[in-house]
1. Please go through region 83-105 and give me each residue that is surrounded by fewer than 18 Cβ atoms within 10 Å (Cβ to Cβ), part of a loop (DSSP other than H, G, I, E, B) and out of contact with any helix residue (DSSP H, G or I) (no Cβ under 7 Å at 6 or more places or on another chain), ordered by number.
2. Could you please find all residues in region 318-335 being without any contact (Cβ under 8 Å) to a residue 40 or more places away in the chain, more than 7 Å from the ligand (Cβ to nearest atom) and either closer than 23 Å to residue 197 by Cβ or touching a strand residue (DSSP E or B) at 6+ places or on another chain (Cβ under 8 Å) (or both)?
3. Condition first: near the ligand (Cβ under 10 Å from one of its atoms) and either surrounded by fewer than 20 Cβ atoms within 10 Å (Cβ to Cβ) or in a loop (DSSP other than H, G, I, E, B) (or both). Now tell me which residues in region 256-281 satisfy that.
4. In region 339-359, which residue that is more than 10 Å from the ligand (Cβ to nearest atom) and within 23 Å of residue 270 (Cα to Cα) is surrounded by the fewest Cβ atoms within 10 Å (Cβ to Cβ)?
5. For region 301-317, give me each residue that is within 10 Å of the ligand (Cβ to nearest atom) and assigned to a strand (DSSP E or B).
6. Can you pull out the strands (runs of 3 or more DSSP E) entirely within region 143-239 that have at least 2 residues that are in contact (Cβ under 8 Å) with a residue 40 or more places away in the chain and farther than 28 Å from residue 286 by Cα?
7. With the structure loaded, tell me whether residue 5 is touching a strand residue (DSSP E or B) at 6+ places or on another chain (Cβ under 7 Å) and either in a strand (DSSP E or B) or closer than 20 Å to residue 176 by Cα (or both) or whether it fails that test.
8. Can you confirm whether region 361-381 contains a residue that is near the ligand (Cβ under 10 Å from one of its atoms), within 19 Å of residue 234 (Cβ to Cβ), in contact (Cβ under 8 Å) with a residue 24 or more places away in the chain and in the same structural domain as residue 263 (by TED's automatic domain parsing)?
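The values are calculated or read from the model by the stated rules, or taken from the named source; none is laboratory data. This structure is a prediction, so every number in the text was calculated from the model and none was measured. Backbone-built Cβ (ideal geometry, glycine too); neighbour counts: all protein chains shown.
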Ligand code: PMT
């Protein structure tokens, strides 16, 4: 799977003979992992039927700005917001001129104007039209505005001319689209992160748990994904939505969290254990609700497996980062866990400070690794996560070759 994994691409097809090649472009974008939705202009529909694109993309084709049916499903503003990337292929000379003018009298123009996503344009036209001062001037304006271009290629043209103006091959356009998302410091890396608390049941209505909200772990998942990684998040019960493009696996107990981690650790480059895992669980889970018995009650607990230590002990282990939640002797205890659990890095947070740590928006941390340390002062969990991800990225060993 490529750099477009779970990226949402709007492919706009204009009316040119190269429109038939855009059917293959849908496939090539999907090969890179993209989800594709297609806009066809009136001209495009003269060359290829919408049914072709509907079958390939798995979604109805968006055709018109004033299509009541389409607006009831995904309207043009929604479509514009949905996109992580807009690709126009083929883009005719007329399309370039309309983009320069900022026209919004058709669906393509309106979506381009309403979208904040990068715009990648693959021009296709007769070589003389391509070379014309008007087209070249339009090109310069669009480049100036940050529009990206794929091609055109040079060679034999459908009209019999030879020269620049052929649409770039679909595989090359898809490659260029993928490259736009491949520049992050964790590009191409696979990352597994644990987050949130675990719940260890006592009986059908009670459990042992802690105050972890999952915010720190989810912020790390978001930061790693933004840095280009493919992220799997093994999450205890929390009230949060999974970040964009992150695969989330829900678990409840420590044992389930361990099982999920071992199932997904296979080809990961990096494991970050941010979950607040219960160290102990009730020795037995009662089938019926436990009844009150006298003034005192003793619970018998048994040790849970240590997830991060288990992963660090694997024969083919990824780079392993743990957290240390401490209420005293922050450095001393964190150093102890770094060594005892055989970690490559530990992020220590002083959870006695009510402004940070469990169930707060902010955090502060002492980052320790065998090659140095860094103090990260009070900041949002998102900021801290981005710093941690960048620190990890500088230490990650070269990637092992993946099978897919
Ligand atoms: O979720 P939030 O509300 O945003 O709060 C964030 C946080 C305070 C939970 C987070 O910043 C944090 O410190 N996470 C680790 C909590 C913890 O359990 O720390 P620990 O010192 O008890 O454990 C040390 C390390 O071993 C941790 O990486 C932990 O995930 C791991 N561990 C612990 C026990 C166990 N059985 N298996 C484990 O993998």
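1. 105, the sole residue that qualifies.
2. Here is the first cut: in region 318-335, the residues without any contact (Cβ under 8 Å) to a residue 40 or more places away in the chain are 324, 326-335.
Imposing the further condition that a residue be more than 7 Å from the ligand (Cβ to nearest atom) reduces the set to 327-335.
Selection gives 327, 328, 330, 331, 333, 334, 335.
3. First, the residues of region 256-281 that are near the ligand (Cβ under 10 Å from one of its atoms): 257-258, 261, 271-281.
Within region 256-281, 274, 275, 277, 278, 279, 280 qualify.
4. Per the criteria, the residue is 339.
5. Step one: of region 301-317, the residues within 10 Å of the ligand (Cβ to nearest atom) are 303-312.
Residue satisfying the conditions is 303 alone.
6. Working: elements: 153-156, 162-166, 190-195, 200-203, 206-208, 230-235.
Filter on region 143-239 gives 162-166, 190-195, 230-235.
7. Working: touching a strand residue (DSSP E or B) at 6+ places or on another chain (Cβ under 7 Å): yes; either in a strand (DSSP E or B) or closer than 20 Å to residue 176 by Cα (or both): yes.
Judged against the criteria, residue 5 is a match.
8. yes
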